[in-house]
Amino acid sequence: MSTTPTNLLDNSIAATARCIESLKEIRAEIDRAAELILKTVRSGNKLLICGNGGSAAEAQHFSTELVGRYFKNRRSLPSVALSSDGSLITCIGNDYGFDAAFSRQIEGLAKPGDVVIGITSSGNSANILAALETAKKLGLESISFLGRGGGKARGMATVDLIIPGDSGRCAQEAHLFLVHHFCDLIDAAVE
């Protein structure tokens, strides 16, 4: 059987559907993360969200939905995508190394009650590991969006959202789905 664009599309749709369906396996962790996110935004505290590459885009997407709006006109909610400031990232990278790109920002921006969210499909990004370690040192709660078994980040956060399977693509698609799920919950809970 030859590979055609139609076959590739059908296979991709089927793989994504299986991936999203697999989220039922981590429903308890999703519910725990939702409770933590809702508690944080209801109390006026902020989410500090970080990721690299495609995960940086997801961090920015999540933060944008909170500070701007998702569907409902509601108050702006405090959130920072730590990958967004190129000048700051390059300053920290130059002076402290790229592994400190997010942890240094958490040290300067975090207040008690804030939550750190680290997004990495491999679970092995050194700057995400440092961010989660810094959150722990500061007494902050954290959520990790992971894939491929969780990697080195597994167990570092208050709540791990480890997407079942070994596909980085699936993990990123599921992470975006979860971002939208949490935004749905926030819109329903916050005026």
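Looking only at residues in segment 58-84 that are touching a residue at least 60 places away in the same chain (Cβ under 8 Å) and assigned to a loop (DSSP other than H, G, I, E, B), the one that is nearest to residue 116 (Cα to Cα) is 77. Could you tell me which residue of segment 18-52 is surrounded by the most Cβ atoms within 10 Å (Cβ to Cβ), considering only residues that are more than 12 Å from residue 174 (Cα to Cα) and among the acidic types (Asp, Glu)? The selected residue is 29.
Evaluating residue 55 against the criteria (1) surrounded by 16 or more Cβ atoms within 10 Å (Cβ to Cβ); (2) out of contact with any His (no Cβ under 8 Å at 6 or more places or on another chain); (3) touching a residue at least 24 places away in the same chain (Cβ under 8 Å); (4) in a helix (DSSP H, G or I) leaves one unmet condition, (2). A residue that is free of Cβ contacts under 8 Å to residues at least 40 places away in the same chain, in a loop (DSSP other than H, G, I, E, B), touching an Asp or Glu at 6+ places or on another chain (Cβ under 8 Å) and surrounded by 15 or more Cβ atoms within 10 Å (Cβ to Cβ) occurs somewhere in segment 127-138.
Selection of segment 161-178 for residues being surrounded by fewer than 22 Cβ atoms within 10 Å (Cβ to Cβ) and not aliphatic (A, V, I, L, M) yields 164, 165, 166, 167, 168, 169, 170, 173, 177. Residue 94 - would you say it is within 19 Å of residue 132 (Cα to Cα) and surrounded by fewer than 22 Cβ atoms within 10 Å (Cβ to Cβ)? It is false that residue 94 is within 19 Å of residue 132 (Cα to Cα) and surrounded by fewer than 22 Cβ atoms within 10 Å (Cβ to Cβ).
Taking the stated definitions as given, is residue 13 crowded, with 17+ Cβ neighbours inside 10 Å and either in contact (Cβ under 8 Å) with a residue 12 or more places away in the chain or out of contact with any strand residue (DSSP E or B) (no Cβ under 8 Å at 6 or more places or on another chain) (or both)? The answer is no for residue 13.
Inside segment 141-187, residues that are more than 22 Å from residue 21 (Cβ to Cβ), part of a helix (DSSP H, G or I) and among the charged types (D, E, K, R) make up a count of 2. Among the residues of segment 42-51, those that are over 15 Å from residue 116 (Cβ atoms) and in a loop (DSSP other than H, G, I, E, B) comprise 43, 44.
Can you tell me which residues in segment 131-153 are closer than 17 Å to residue 53 by Cβ and aliphatic (A, V, I, L, M)?
First, the residues of segment 131-153 that are closer than 17 Å to residue 53 by Cβ: 131, 144-148, 151, 153.
Those that are closer than 17 Å to residue 53 by Cβ and aliphatic (A, V, I, L, M): 131, 146, 153.
For first residues located in segment 158-178 and closer than 11 Å to residue 145 by Cα, partners that are of a type in the set (Phe, Trp, Tyr) and lie 6+ apart or on another chain with Cβ distances below 6 Å form the pairs 161/145; 175/145.
Taken together, the values in this text are just the output of simple stated rules run on the coordinates, not laboratory data. Since the model is a prediction, treat every value here as computed from it, not as a measurement. Neighbour counts are summed over all protein chains in view; Cβ atoms, including those assigned to glycine, are modelled from backbone coordinates with ideal geometry.
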